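Below is one structure, written out as structure tokens; comments come after it.
What follows is calculated from the coordinates using simple rules that are stated; it is not laboratory data. Everything numeric in this text was worked out from a predicted model, so none of it was measured. So basically every Cβ, Gly included, is an ideal-geometry build from the backbone, and we count neighbours across all protein chains shown.
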Amino acid sequence: WDNADFSRGVGTTFYQEFSTLNTAKPPFVRDVEAKVQRYLRSSYSAAWTLKITWEKAPVYSAWTDTRKTITYQAVLTTDGFRSYILMLYQDGGMQWDYTRLTSTNVLIGYT
């Protein structure tokens, strides 16, 4: 995510933490659990979840163009033993023109 550039005041980053070890789970956490269960075909009950949202993030370098933005999220979740991350992109996926980036060896995801 280092190719997002918020230096021109365009876009927002925010997060929301859900600690659900001994509390009722909000619909968002239940949805995350369902996705992990469906994709991995295993039981999963989240004890902690963090949702990070980059909203209308302009591509680096925003000094040249702030019109092309993208909204995406990373959702980190754990049951205390296993941890997962969901990478969520707006409809249509990552829409930055990677051919205009300073580096063209671009990845979507994490390592």
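Note that the stretch 87-92 has calculated 3J(HN,Hα) couplings of 9, 10, 10, 4, 3, x Hz, one per residue in order, obtained from phi through the Karplus relation 6.51 cos²θ - 1.76 cosθ + 1.60 (θ = phi - 60°); glycine and proline are x. Taking a straight Cα-Cα cut-off under 16 Å and skipping sequence neighbours fewer than 8 places away in the same chain, the lysines within cross-link reach of Lys51 are Lys25, Lys35.
In this structure, the amide hydrogen of Ala4, modeled 1.01 Å from its nitrogen in the peptide plane, lies closer than 5 angstrom to those of Tyr60, counting only residues at least 5 positions away or on a different chain. In terms of the mean number of neighbouring beta-carbon atoms within 10 Å, the peptides 29-35, 16-22, 4-10 order highest first as 29-35, 4-10, 16-22.
I'd like the Karplus ³J(HN,Hα) series for the stretch 27-34: coefficients 6.51, -1.76, 1.60, θ = phi - 60°, whole numbers in Hz, and an x wherever there's a Gly or Pro. In residue order, the calculated couplings are x, 4, 5, 4, 5, 4, 4, 4 Hz. Remark: spin-label model distance Asn3-Leu50 equals 2.4 nm, labels positioned 7 Å along the Cα→Cβ axis.
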